[in-house]
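A quick write-up on the structure given underneath.
The values are calculated or read from the model by the stated rules, or taken from the named source; none is laboratory data. Everything numeric here is computed off the predicted structure, so don't read it as measured data. Cβ sites come from the backbone with ideal geometry, for glycine too, and all protein chains shown count toward neighbours. Side chains are part of the model used for accessible areas, which takes the heavy atoms of the whole protein and leaves out ligands, DNA and RNA. Shrake-Rupley method; radii C 1.70, N 1.55, O 1.52, S 1.80 Å.
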Amino acid sequence: MASRHVVAPRRLLFAFKPRLSPTTLPTTTRIAPPLKKKTTITRLSFSVSASSMASSPMKVLVPVANGTEPLEAVVTIDVLRRAGAEVTVASAEEQLRVDVCHGAKIVADALISDCADAAFDLGGMPGASSLRDCKVLEDLVKKQAADGRLYAAICASPAVVLGSWGLLKGLKATCHPSLMEQLSSFATAVESRVQVDGKTVTSRGPGTTMEYAVTLVEQLFGKEKAEEVGGPLVMRSNHGDEYHMLELNPMDWTFDKGPQPQILVPIANGSEEMEAVIIIDVLRRSKANVVIASVEDKVEIEASRKVKLVADMLLDEASKLSYDLIVLPGGLGGAQAFAKCDKLVNLLKKQKESNRPYGAICASPALVLEPHGLLKGKKATAFPALCNKLSDASEAENRVVVDGNLITSRGPGTTMEFALAIVEKFFGRKKALDLAKALVFTHP
(Lines give C-alpha, C1' and ligand atoms only; values in the text may rest on other atoms or scores of the structure.)
Protein backbone atom coordinates (compact mmCIF):
# COMPACT_ATOMS: atom_id res chain seq x y z
CA MET A 1 0.00 0.00 0.00
CA ALA A 2 1.21 3.50 -0.78
CA SER A 3 2.43 5.69 2.02
CA ARG A 4 -0.37 7.56 3.77
CA HIS A 5 -0.76 10.72 5.74
CA VAL A 6 -2.68 9.55 8.81
CA VAL A 7 -5.11 11.99 10.32
CA ALA A 8 -6.62 12.02 13.78
CA PRO A 9 -9.01 9.07 14.30
CA ARG A 10 -12.17 11.10 14.64
CA ARG A 11 -14.56 11.41 11.73
CA LEU A 12 -14.53 10.02 8.22
CA LEU A 13 -16.40 10.09 4.97
CA PHE A 14 -15.85 7.43 2.33
CA ALA A 15 -17.28 6.08 -0.89
CA PHE A 16 -17.39 2.76 -2.70
CA LYS A 17 -18.09 1.80 -6.25
CA PRO A 18 -20.06 -1.36 -6.91
CA ARG A 19 -19.26 -2.23 -10.52
CA LEU A 20 -18.14 -0.94 -13.85
CA SER A 21 -19.17 -1.59 -17.39
CA PRO A 22 -19.64 -5.18 -18.60
CA THR A 23 -16.53 -4.88 -20.72
CA THR A 24 -14.52 -4.01 -17.63
CA LEU A 25 -16.04 -6.20 -14.94
CA PRO A 26 -17.97 -9.20 -16.34
CA THR A 27 -21.32 -9.88 -14.70
CA THR A 28 -24.72 -11.45 -15.27
CA THR A 29 -26.86 -8.80 -13.60
CA ARG A 30 -28.16 -5.28 -13.98
CA ILE A 31 -25.92 -2.26 -13.75
CA ALA A 32 -26.53 1.45 -13.27
CA PRO A 33 -27.47 3.78 -16.16
CA PRO A 34 -24.56 4.85 -18.40
CA LEU A 35 -22.52 7.90 -17.52
CA LYS A 36 -20.47 9.49 -20.27
CA LYS A 37 -20.30 6.12 -22.07
CA LYS A 38 -18.93 4.39 -18.97
CA THR A 39 -21.53 2.41 -17.03
CA THR A 40 -20.70 2.67 -13.37
CA ILE A 41 -22.12 2.08 -9.95
CA THR A 42 -20.54 3.74 -6.98
CA ARG A 43 -20.56 3.77 -3.22
CA LEU A 44 -19.71 6.78 -1.12
CA SER A 45 -19.26 7.13 2.60
CA PHE A 46 -19.01 10.10 4.87
CA SER A 47 -18.78 11.00 8.53
CA VAL A 48 -20.75 13.50 10.53
CA SER A 49 -20.16 14.98 13.94
CA ALA A 50 -20.95 12.75 16.94
CA SER A 51 -20.20 12.73 20.64
CA SER A 52 -16.73 11.81 21.76
CA MET A 53 -15.31 8.47 20.67
CA ALA A 54 -14.77 7.41 24.26
CA SER A 55 -18.36 8.01 25.40
CA SER A 56 -20.35 6.51 22.51
CA PRO A 57 -19.78 4.17 19.56
CA MET A 58 -18.84 5.59 16.19
CA LYS A 59 -22.02 5.87 14.13
CA VAL A 60 -21.81 4.95 10.46
CA LEU A 61 -24.34 5.36 7.66
CA VAL A 62 -24.06 3.09 4.61
CA PRO A 63 -26.75 3.76 2.02
CA VAL A 64 -27.50 1.06 -0.56
CA ALA A 65 -29.53 1.24 -3.77
CA ASN A 66 -30.55 -0.90 -6.70
CA GLY A 67 -27.33 -1.68 -8.54
CA THR A 68 -25.02 -1.22 -5.58
CA GLU A 69 -21.93 -3.45 -5.71
CA PRO A 70 -22.68 -5.88 -2.83
CA LEU A 71 -19.04 -6.86 -2.29
CA GLU A 72 -17.94 -3.29 -1.60
CA ALA A 73 -20.98 -2.56 0.57
CA VAL A 74 -20.94 -5.74 2.65
CA VAL A 75 -17.17 -5.91 3.20
CA THR A 76 -17.15 -2.34 4.45
CA ILE A 77 -20.16 -2.86 6.73
CA ASP A 78 -18.70 -6.09 8.10
CA VAL A 79 -15.23 -4.69 8.81
CA LEU A 80 -16.55 -1.52 10.44
CA ARG A 81 -18.92 -3.51 12.65
CA ARG A 82 -16.02 -5.73 13.69
CA ALA A 83 -14.31 -2.55 14.87
CA GLY A 84 -17.32 -1.69 17.02
CA ALA A 85 -18.91 0.95 14.80
CA GLU A 86 -22.68 1.31 14.94
CA VAL A 87 -23.56 0.91 11.26
CA THR A 88 -26.94 1.80 9.77
CA VAL A 89 -27.58 0.32 6.33
CA ALA A 90 -29.96 2.76 4.63
CA SER A 91 -31.95 2.16 1.44
CA ALA A 92 -31.98 4.95 -1.13
CA GLU A 93 -34.99 3.27 -2.71
CA GLU A 94 -38.62 3.51 -1.60
CA GLN A 95 -38.41 0.17 0.19
CA LEU A 96 -35.95 -1.59 2.50
CA ARG A 97 -35.21 -4.51 0.19
CA VAL A 98 -32.64 -3.52 -2.43
CA ASP A 99 -31.71 -5.41 -5.61
CA VAL A 100 -27.96 -4.98 -5.59
CA CYS A 101 -25.62 -6.13 -8.34
CA HIS A 102 -25.15 -9.74 -9.50
CA GLY A 103 -28.71 -10.72 -8.62
CA ALA A 104 -28.15 -10.40 -4.88
CA LYS A 105 -30.58 -8.76 -2.46
CA ILE A 106 -29.89 -6.86 0.77
CA VAL A 107 -32.47 -5.68 3.29
CA ALA A 108 -31.56 -2.26 4.73
CA ASP A 109 -32.07 -1.20 8.34
CA ALA A 110 -33.81 2.06 7.41
CA LEU A 111 -34.72 4.35 4.51
CA ILE A 112 -32.18 7.05 3.67
CA SER A 113 -34.94 9.64 3.98
CA ASP A 114 -35.29 8.71 7.64
CA CYS A 115 -31.58 9.34 8.23
CA ALA A 116 -31.27 12.78 6.68
CA ASP A 117 -31.21 14.64 9.98
CA ALA A 118 -29.23 12.09 12.00
CA ALA A 119 -25.59 12.54 13.00
CA PHE A 120 -23.00 9.97 11.92
CA ASP A 121 -19.25 9.56 12.27
CA LEU A 122 -19.07 7.75 8.94
CA GLY A 123 -21.40 6.95 6.05
CA GLY A 124 -21.65 5.28 2.65
CA MET A 125 -23.57 5.52 -0.65
CA PRO A 126 -24.49 3.25 -3.63
CA GLY A 127 -24.67 3.89 -7.43
CA ALA A 128 -22.53 6.58 -9.05
CA SER A 129 -25.14 8.36 -11.16
CA SER A 130 -27.93 8.06 -8.60
CA LEU A 131 -25.70 9.31 -5.79
CA ARG A 132 -24.15 12.06 -7.85
CA ASP A 133 -27.62 13.38 -8.65
CA CYS A 134 -28.96 13.06 -5.08
CA LYS A 135 -29.11 16.64 -3.76
CA VAL A 136 -29.68 15.60 -0.13
CA LEU A 137 -26.55 13.46 -0.11
CA GLU A 138 -24.53 16.05 -2.00
CA ASP A 139 -25.36 18.71 0.56
CA LEU A 140 -24.55 16.34 3.41
CA VAL A 141 -21.15 15.38 1.99
CA LYS A 142 -20.23 18.96 1.11
CA LYS A 143 -21.05 19.99 4.68
CA GLN A 144 -18.87 17.11 5.85
CA ALA A 145 -15.96 18.50 3.85
CA ALA A 146 -16.65 22.09 4.87
CA ASP A 147 -16.58 21.06 8.53
CA GLY A 148 -13.11 19.59 8.04
CA ARG A 149 -14.12 15.97 8.55
CA LEU A 150 -12.81 12.91 6.78
CA TYR A 151 -14.52 11.66 3.60
CA ALA A 152 -13.65 8.89 1.18
CA ALA A 153 -14.58 6.99 -1.97
CA ILE A 154 -13.70 3.78 -3.80
CA CYS A 155 -13.70 2.57 -7.40
CA ALA A 156 -15.84 4.84 -9.59
CA SER A 157 -16.95 7.22 -6.88
CA PRO A 158 -13.79 9.32 -6.55
CA ALA A 159 -14.21 10.42 -10.17
CA VAL A 160 -17.98 10.16 -10.63
CA VAL A 161 -19.20 11.46 -7.26
CA LEU A 162 -16.52 13.30 -5.27
CA GLY A 163 -14.85 14.74 -8.34
CA SER A 164 -18.09 16.00 -9.88
CA TRP A 165 -18.99 17.59 -6.53
CA GLY A 166 -15.69 19.49 -6.49
CA LEU A 167 -14.40 17.68 -3.39
CA LEU A 168 -11.04 16.52 -4.78
CA LYS A 169 -9.51 19.85 -5.81
CA GLY A 170 -5.79 19.97 -5.10
CA LEU A 171 -5.76 16.42 -3.70
CA LYS A 172 -4.11 13.15 -4.62
CA ALA A 173 -6.71 10.48 -5.26
CA THR A 174 -7.16 7.09 -6.91
CA CYS A 175 -10.07 5.21 -8.47
CA HIS A 176 -10.81 2.27 -10.78
CA PRO A 177 -8.19 2.09 -13.58
CA SER A 178 -10.82 2.63 -16.28
CA LEU A 179 -11.76 6.03 -14.80
CA MET A 180 -8.30 7.43 -14.10
CA GLU A 181 -8.46 9.83 -17.05
CA GLN A 182 -11.77 11.22 -15.80
CA LEU A 183 -10.36 11.49 -12.28
CA SER A 184 -7.34 13.45 -13.53
CA SER A 185 -9.63 16.36 -14.43
CA PHE A 186 -10.64 16.67 -10.77
CA ALA A 187 -7.53 15.63 -8.81
CA THR A 188 -3.92 14.47 -9.05
CA ALA A 189 -4.59 10.88 -10.07
CA VAL A 190 -2.30 8.26 -8.50
CA GLU A 191 -2.28 4.47 -8.77
CA SER A 192 -2.19 3.62 -5.05
CA ARG A 193 -4.46 0.80 -3.89
CA VAL A 194 -5.56 3.06 -1.02
CA GLN A 195 -4.68 6.76 -0.99
CA VAL A 196 -4.98 9.07 2.02
CA ASP A 197 -4.50 12.78 1.40
CA GLY A 198 -5.35 14.97 4.35
CA LYS A 199 -8.99 14.26 5.14
CA THR A 200 -9.73 12.30 1.96
CA VAL A 201 -9.43 8.54 1.46
CA THR A 202 -9.83 6.91 -1.96
CA SER A 203 -9.35 3.40 -3.34
CA ARG A 204 -9.50 1.44 -6.58
CA GLY A 205 -12.15 -1.30 -6.72
CA PRO A 206 -13.78 -4.45 -5.34
CA GLY A 207 -10.44 -6.18 -4.93
CA THR A 208 -9.09 -3.37 -2.73
CA THR A 209 -12.19 -3.04 -0.54
CA MET A 210 -10.89 -4.97 2.46
CA GLU A 211 -7.67 -2.93 2.55
CA TYR A 212 -9.79 0.19 2.18
CA ALA A 213 -12.17 -0.82 4.98
CA VAL A 214 -9.29 -1.51 7.38
CA THR A 215 -7.84 1.90 6.50
CA LEU A 216 -11.19 3.46 7.39
CA VAL A 217 -11.07 1.67 10.73
CA GLU A 218 -7.63 3.21 11.27
CA GLN A 219 -8.96 6.67 10.45
CA LEU A 220 -11.88 6.29 12.86
CA PHE A 221 -10.31 4.33 15.71
CA GLY A 222 -6.55 4.41 15.27
CA LYS A 223 -3.81 2.06 14.12
CA GLU A 224 -4.05 -0.32 17.10
CA LYS A 225 -7.74 -1.02 16.43
CA ALA A 226 -7.07 -1.47 12.72
CA GLU A 227 -4.44 -4.12 13.52
CA GLU A 228 -6.77 -5.79 16.01
CA VAL A 229 -9.52 -6.01 13.37
CA GLY A 230 -7.24 -6.84 10.46
CA GLY A 231 -5.44 -9.80 12.08
CA PRO A 232 -8.40 -12.22 12.31
CA LEU A 233 -9.41 -11.39 8.74
CA VAL A 234 -6.39 -13.44 7.52
CA MET A 235 -5.56 -10.78 4.94
CA ARG A 236 -2.57 -11.30 2.72
CA SER A 237 0.46 -9.03 2.94
CA ASN A 238 1.37 -9.08 -0.76
CA HIS A 239 -1.60 -7.02 -1.97
CA GLY A 240 -1.79 -6.88 -5.75
CA ASP A 241 0.30 -9.98 -6.48
CA GLU A 242 -1.10 -13.04 -8.27
CA TYR A 243 -3.01 -15.43 -6.04
CA HIS A 244 -1.81 -18.99 -5.48
CA MET A 245 -3.34 -22.24 -4.29
CA LEU A 246 -1.96 -25.59 -3.22
CA GLU A 247 -3.34 -28.31 -5.45
CA LEU A 248 -3.02 -31.99 -4.58
CA ASN A 249 -4.31 -34.97 -6.57
CA PRO A 250 -5.29 -32.78 -9.53
CA MET A 251 -8.46 -33.59 -11.43
CA ASP A 252 -10.51 -31.75 -14.00
CA TRP A 253 -13.59 -29.94 -12.74
CA THR A 254 -16.26 -30.20 -15.41
CA PHE A 255 -19.85 -29.05 -15.67
CA ASP A 256 -22.57 -30.98 -17.46
CA LYS A 257 -25.71 -29.28 -16.13
CA GLY A 258 -25.66 -26.58 -18.79
CA PRO A 259 -23.39 -24.12 -20.60
CA GLN A 260 -22.08 -22.84 -17.26
CA PRO A 261 -21.35 -24.57 -13.94
CA GLN A 262 -24.31 -24.84 -11.57
CA ILE A 263 -23.15 -23.88 -8.07
CA LEU A 264 -25.02 -24.04 -4.76
CA VAL A 265 -24.12 -21.51 -2.04
CA PRO A 266 -26.12 -22.17 1.14
CA ILE A 267 -26.58 -19.36 3.68
CA ALA A 268 -27.96 -19.36 7.23
CA ASN A 269 -28.43 -17.05 10.16
CA GLY A 270 -24.89 -16.38 11.37
CA SER A 271 -23.17 -17.01 8.03
CA GLU A 272 -20.15 -14.75 7.43
CA GLU A 273 -21.58 -12.17 5.04
CA MET A 274 -18.24 -11.14 3.56
CA GLU A 275 -17.42 -14.69 2.58
CA ALA A 276 -20.87 -15.44 1.17
CA VAL A 277 -21.08 -12.23 -0.85
CA ILE A 278 -17.52 -12.40 -2.23
CA ILE A 279 -18.03 -16.01 -3.35
CA ILE A 280 -21.37 -15.21 -5.00
CA ASP A 281 -20.10 -11.98 -6.55
CA VAL A 282 -16.93 -13.45 -8.08
CA LEU A 283 -18.59 -16.63 -9.34
CA ARG A 284 -21.46 -14.74 -10.95
CA ARG A 285 -18.97 -12.39 -12.62
CA SER A 286 -17.38 -15.51 -14.14
CA LYS A 287 -20.83 -16.35 -15.59
CA ALA A 288 -21.40 -19.34 -13.29
CA ASN A 289 -25.04 -20.04 -12.43
CA VAL A 290 -25.09 -19.54 -8.66
CA VAL A 291 -28.07 -20.59 -6.55
CA ILE A 292 -28.23 -18.96 -3.10
CA ALA A 293 -30.27 -21.20 -0.79
CA SER A 294 -31.39 -20.49 2.76
CA VAL A 295 -31.25 -23.40 5.21
CA GLU A 296 -33.64 -21.46 7.47
CA ASP A 297 -37.44 -21.45 7.17
CA LYS A 298 -37.43 -18.17 5.22
CA VAL A 299 -35.31 -16.72 2.44
CA GLU A 300 -34.12 -13.71 4.45
CA ILE A 301 -31.27 -14.41 6.85
CA GLU A 302 -29.30 -12.24 9.28
CA ALA A 303 -25.60 -12.86 8.82
CA SER A 304 -22.90 -12.81 11.49
CA ARG A 305 -22.41 -9.00 11.40
CA LYS A 306 -26.16 -8.37 11.14
CA VAL A 307 -26.25 -7.78 7.38
CA LYS A 308 -29.62 -9.02 6.09
CA LEU A 309 -29.26 -11.10 2.92
CA VAL A 310 -32.05 -12.62 0.80
CA ALA A 311 -31.58 -16.05 -0.77
CA ASP A 312 -32.93 -17.06 -4.17
CA MET A 313 -34.91 -19.91 -2.60
CA LEU A 314 -35.13 -22.25 0.38
CA LEU A 315 -32.85 -25.27 0.51
CA ASP A 316 -35.90 -27.55 0.20
CA GLU A 317 -36.44 -26.22 -3.31
CA ALA A 318 -32.76 -25.95 -4.18
CA SER A 319 -32.13 -29.57 -3.15
CA LYS A 320 -34.25 -30.77 -6.08
CA LEU A 321 -31.53 -29.61 -8.45
CA SER A 322 -28.12 -31.10 -9.25
CA TYR A 323 -24.89 -29.13 -8.82
CA ASP A 324 -21.39 -29.07 -10.24
CA LEU A 325 -20.18 -27.55 -6.96
CA ILE A 326 -21.55 -27.00 -3.46
CA VAL A 327 -19.59 -24.40 -1.51
CA LEU A 328 -20.13 -23.30 2.09
CA PRO A 329 -19.28 -19.86 3.49
CA GLY A 330 -18.09 -19.71 7.09
CA GLY A 331 -19.31 -17.86 10.14
CA LEU A 332 -19.65 -19.73 13.43
CA GLY A 333 -23.44 -19.55 13.63
CA GLY A 334 -23.87 -20.37 9.96
CA ALA A 335 -21.51 -23.35 10.12
CA GLN A 336 -23.37 -24.72 13.14
CA ALA A 337 -26.66 -24.37 11.25
CA PHE A 338 -25.18 -26.15 8.23
CA ALA A 339 -23.91 -29.01 10.39
CA LYS A 340 -27.40 -29.55 11.83
CA CYS A 341 -29.15 -29.45 8.45
CA ASP A 342 -29.61 -33.07 7.39
CA LYS A 343 -30.74 -32.12 3.90
CA LEU A 344 -27.57 -30.10 3.26
CA VAL A 345 -25.29 -32.73 4.79
CA ASN A 346 -26.89 -35.40 2.59
CA LEU A 347 -26.37 -33.22 -0.49
CA LEU A 348 -22.71 -32.85 0.42
CA LYS A 349 -22.28 -36.57 0.97
CA LYS A 350 -23.85 -37.35 -2.41
CA GLN A 351 -21.57 -34.77 -4.00
CA LYS A 352 -18.50 -36.45 -2.48
CA GLU A 353 -19.67 -39.94 -3.40
CA SER A 354 -20.24 -38.84 -7.00
CA ASN A 355 -16.72 -37.37 -7.06
CA ARG A 356 -18.16 -33.94 -7.84
CA PRO A 357 -16.58 -30.79 -6.39
CA TYR A 358 -17.52 -29.41 -2.97
CA GLY A 359 -15.85 -26.94 -0.67
CA ALA A 360 -15.94 -24.74 2.41
CA ILE A 361 -14.16 -21.80 3.99
CA CYS A 362 -13.36 -20.51 7.48
CA ALA A 363 -15.36 -22.34 10.19
CA SER A 364 -17.20 -24.68 7.81
CA PRO A 365 -14.37 -27.13 6.97
CA ALA A 366 -13.83 -27.84 10.68
CA LEU A 367 -17.43 -27.62 11.92
CA VAL A 368 -19.35 -29.05 8.96
CA LEU A 369 -17.15 -31.17 6.69
CA GLU A 370 -14.91 -32.75 9.36
CA PRO A 371 -17.58 -34.07 11.77
CA HIS A 372 -19.59 -35.56 8.89
CA GLY A 373 -16.66 -37.47 7.42
CA LEU A 374 -16.38 -35.23 4.39
CA LEU A 375 -12.65 -34.61 4.89
CA LYS A 376 -11.69 -38.28 5.23
CA GLY A 377 -8.53 -38.93 3.23
CA LYS A 378 -8.29 -35.28 2.24
CA LYS A 379 -5.94 -32.40 2.97
CA ALA A 380 -7.74 -29.25 4.05
CA THR A 381 -7.45 -25.91 5.76
CA ALA A 382 -9.80 -23.80 7.90
CA PHE A 383 -9.92 -20.71 10.08
CA PRO A 384 -6.62 -20.73 12.02
CA ALA A 385 -8.23 -21.07 15.46
CA LEU A 386 -10.20 -24.13 14.28
CA CYS A 387 -7.46 -26.05 12.47
CA ASN A 388 -6.92 -28.19 15.58
CA LYS A 389 -10.30 -29.78 14.78
CA LEU A 390 -9.06 -31.08 11.42
CA SER A 391 -8.03 -34.72 11.42
CA ASP A 392 -5.22 -33.86 8.96
CA ALA A 393 -3.96 -30.31 9.34
CA SER A 394 -0.63 -30.93 7.62
CA GLU A 395 -1.39 -28.42 4.85
CA ALA A 396 -3.56 -26.07 6.89
CA GLU A 397 -1.12 -23.14 6.69
CA ASN A 398 -1.92 -22.75 2.99
CA ARG A 399 -4.46 -20.06 2.11
CA VAL A 400 -6.34 -22.21 -0.40
CA VAL A 401 -6.07 -26.01 -0.60
CA VAL A 402 -7.49 -28.05 -3.48
CA ASP A 403 -7.40 -31.82 -3.02
CA GLY A 404 -9.06 -33.50 -5.97
CA ASN A 405 -12.73 -32.52 -5.79
CA LEU A 406 -12.39 -30.67 -2.47
CA ILE A 407 -11.49 -26.99 -2.01
CA THR A 408 -11.04 -25.29 1.38
CA SER A 409 -9.77 -21.95 2.62
CA ARG A 410 -9.08 -19.97 5.81
CA GLY A 411 -11.18 -16.85 6.36
CA PRO A 412 -12.60 -13.54 5.08
CA GLY A 413 -9.23 -12.31 3.85
CA THR A 414 -8.68 -15.45 1.75
CA THR A 415 -12.17 -15.52 0.21
CA MET A 416 -11.23 -13.68 -2.98
CA GLU A 417 -8.42 -16.16 -3.61
CA PHE A 418 -10.79 -19.03 -2.77
CA ALA A 419 -13.39 -17.82 -5.26
CA LEU A 420 -10.79 -17.16 -7.96
CA ALA A 421 -9.39 -20.67 -7.45
CA ILE A 422 -12.89 -22.03 -8.13
CA VAL A 423 -13.07 -19.94 -11.31
CA GLU A 424 -9.68 -21.32 -12.31
CA LYS A 425 -10.76 -24.92 -11.76
CA PHE A 426 -13.84 -24.54 -13.95
CA PHE A 427 -12.63 -22.05 -16.58
CA GLY A 428 -8.81 -22.03 -16.47
CA ARG A 429 -6.20 -19.79 -14.91
CA LYS A 430 -6.27 -17.14 -17.65
CA LYS A 431 -9.91 -16.32 -17.03
CA ALA A 432 -9.34 -16.25 -13.27
CA LEU A 433 -6.37 -13.89 -13.62
CA ASP A 434 -8.26 -11.63 -16.03
CA LEU A 435 -11.10 -11.44 -13.52
CA ALA A 436 -8.67 -10.74 -10.67
CA LYS A 437 -7.25 -7.81 -12.64
CA ALA A 438 -10.71 -6.45 -13.50
CA LEU A 439 -11.56 -6.55 -9.80
CA VAL A 440 -8.24 -4.79 -9.06
CA PHE A 441 -7.44 -7.67 -6.72
CA THR A 442 -4.19 -8.13 -8.62
CA HIS A 443 -2.30 -5.33 -10.34
CA PRO A 444 -4.09 -4.31 -13.58
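DSSP beta bridges fully contained in the chain are about 40 percent antiparallel.
Taken over segment 92-218, lysine pairs spaced eight or more positions apart, or on distinct chains, with alpha carbons under 25 Å apart number 11. You can think of it this way: the chain between Lys343 and Asp114 has 78.3 nm of extra reach, that is 0.36 nm per residue less the Cα-Cα gap. Global size of the chain: 20.6, 63 Å for Rg and Dmax (C-alpha atoms, Rg to one decimal, Dmax whole). The string of couplings for segment 352-366 from the Karplus curve (6.51, -1.76, 1.60, θ = phi - 60°) is 5, 5, 7, 6, 9, x, 8, x, 6, 9, 6, 6, 5, x, 7 Hz, one whole number per residue in order, with x for Gly and Pro. Partners of Lys352 within straight-line reach, counting lysines whose Cα lies under 25 Å from its Cα and excluding those fewer than 8 residues away in the same chain: Lys257, Lys287, Lys320, Lys340, Lys343, Lys376, Lys378, Lys379, Lys389, Lys425.
For segment 317-368, the relative contact order is 52 percent, taking Cα pairs closer than 8 Å that sit 6 or more residues apart in sequence and dividing their mean separation by the residue count.
Of the accessible area of segment 59-233, computed with a 1.4 Å probe over protein heavy atoms only, carbon and sulfur atoms account for 47 percent. The distance from the alpha carbon centre of segment 306-343 to that of segment 160-206 is 39 Å, rounded to a whole number.
Label positions at Lys320 and His239, each projected 7 Å from the Cα along the C-beta direction, are separated by 4.6 nm. With both residues required to sit in segment 246-439, DSSP beta bridges show an antiparallel share near 25%.
Taking θ as phi - 60° and the Karplus parameters 6.51, -1.76 and 1.60, the scalar couplings of segment 229-234 work out to 6, x, x, x, 6, 6 Hz in sequence order, x denoting glycine and proline.
Based on the Stokes-Einstein relation at 37 °C and a viscosity of 0.692 mPa s, and on the Kirkwood radius from alpha carbon pairs, segment 246-439 is assigned a translational diffusion coefficient of 204 µm²/s. The angle between the Cα long axis of helix 209-221 and the longest principal axis of the Cα atoms of the chain comes to about 50 degrees, rounded to the nearest 10. Largest accessible area first, the listed residues His176, His443 line up as His443, His176 when surface is computed with a 1.4 Å probe on the assembled protein chains.
Working from label points 7 Å from Cα in the Cα-to-Cβ sense, the Lys350 to Asn388 distance is 3.7 nm.
What's the whole-number percent of alpha carbon pairs in segment 283-373 lying beyond 16 angstrom? The answer is 55 percent, as a whole percent.
Fully extending the segment from Lys298 to Glu228, taken as 0.36 nm per residue of separation minus the present Cα-Cα distance, adds 21.7 nm.
Its alpha carbons considered, segment 180-280 gives a radius of gyration followed by a Dmax of 18.6, 54 Å. How far apart, in nm, are the 7 Å Cα→Cβ label points at Lys142 and Thr254? Result for the modelled spin labels: 6.2 nm. Computed over neighbours whose Cβ is under 11 Å from that of Ala318, the net charge equals -1, Lys and Arg +1, Asp and Glu -1. Remark on Val201: its backbone amide H falls under 5 Å from those of Tyr151, Ala152, Ala153, a criterion applied only to residues 5 or more positions apart or on other chains, H modelled at 1.01 Å from N. Taking a ≥ b ≥ c as the square roots of the eigenvalues of the Cα gyration tensor, an a/c ratio of 1.5 or more together with a/b larger than b/c marks segment 332-444 as prolate.
Distances between placed amide hydrogens fall under 5 Å for Val400 paired with Leu246, all partners being 5 or more residues away or on another chain. Take 339-351, 369-381, 226-238, 276-288 and order them by the average number of nearby Cβ atoms within 10 Å per residue, most first; the result is 276-288, 369-381, 339-351, 226-238. The amide H of Leu171, built 1.01 Å from its N in the peptide plane, has Thr188 as neighbours under 5 Å, considering only residues 5 or more places off or on other chains.
Looking at segment 59-233, the DSSP beta bridges with both ends there are about 30 percent antiparallel. When shorter helices are ignored and each DSSP H run of at least 4 residues is given -39500 (n - 2.57), the per-residue value for the chain at 222 nm works out to -7500 deg cm²/dmol.
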